[in-house]
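A short write-up of the structure that comes next.
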Amino acid sequence: MRKRLGVNIDHVATVRNARGETYPSPLKAALLSQKCGADSITIHLREDRRHINDKDLKDIKSKLKIPLNLEIASTKEMLKIALNHKPSFICIVPEKRKEVTTEGGLNLNYKKNFLKKIINQLQKNGSKVSLFIEPNIKDIKLAKKYFNCNSIEIHTGKICNLINGNKKYQNEFSKIKKAVNYANTLNLDVHAGHGITYKSAKILKRINNIKEFNIGHFLIGESIFLGLKKCISNFKKIIN
């Protein structure tokens, strides 16, 4: 099974916003990533618009030919925006205003009924919905049997930190593998994302039932030195 590569271009917008300029362009990055073989583009429209903004979403959605994966928090504002733009995929993620980056998976028991209602509305509107969760069986069971999601995205931040720090990662790897295999028995598509580098991608790709890797910060950072085309090519070779 060929594993898909989703390219997260949020941090092209981070660089642009550092100076309040119009460059570098997230749209240009999305279209170039598409041309270079990305299977999808991921953008996270945060409540504080710290990187991707509403105009970026509109421009990218209107010109992109490959699927757009929009990451959003479970709020009424984000629901309205997602319903309006109808991206192919929507990943619901946790969001804390002062966090530097996403710190973990969703708490699926927080405002459970509201979350279920949001997912139902998005699916009726034509988007496939995934939940960004920790690799545990209880959450995966909820994702399928209560929320009726199309897929899940496993938070890989912990294992990536262990790998990058040359620490023992085998227990976390086993936990992820067990979670992925269980999700597969429920016919859930499994994606993986957060903190993935070349080094951690080489290890995580050993888990056969992960169908998609969503990679952003490292890929965009490395492309400063190698270019976007080379970085996308490198990751596609590693995961397949």
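The values are calculated or read from the model by the stated rules, or taken from the named source; none is laboratory data. Keep in mind the model is a prediction, meaning the values are calculated, not measured. Here the Cβ is made from the backbone with ideal geometry for all residues, glycine too, and neighbour counts use every protein chain on show. When the accessible area is computed, the model is the full protein with side chains, heavy atoms only, and any ligands, DNA or RNA have been set aside. Shrake-Rupley method; radii C 1.70, N 1.55, O 1.52, S 1.80 Å.
Using a probe radius of 1.4 angstrom, the carbon and sulfur fraction of the accessible surface of the chain is 51%.
Average accessible surface for the chain: 49 Å² per residue, computed with a 1.4 Å probe over protein heavy atoms with every protein chain in place.
Summing charges over all other residues whose Cβ lies under 12 Å from the Cβ of L219, with Lys and Arg as +1 and Asp and Glu as -1, gives +1. First check a/c for segment 15-59, with a ≥ b ≥ c the square roots of the eigenvalues of its C-alpha gyration tensor; if it is under 1.5, answer rounded, and if not, answer prolate when a/b is larger than b/c or oblate otherwise. Since a/c reaches 1.5 but b/c is at least a/b, the shape of segment 15-59 is classed as oblate.
In this simple spin-label approximation, S233 and N113 carry label points 7 Å from Cα along the Cα→Cβ vector, and these lie 5.5 nm apart. I need the shape label for segment 10-103. Rule: rounded when a/c is under 1.5, else prolate if a/b > b/c, else oblate, with a, b, c from the alpha carbon gyration tensor. Because a/c hits 1.5 or more and a/b fails to exceed b/c, segment 10-103 counts as oblate.
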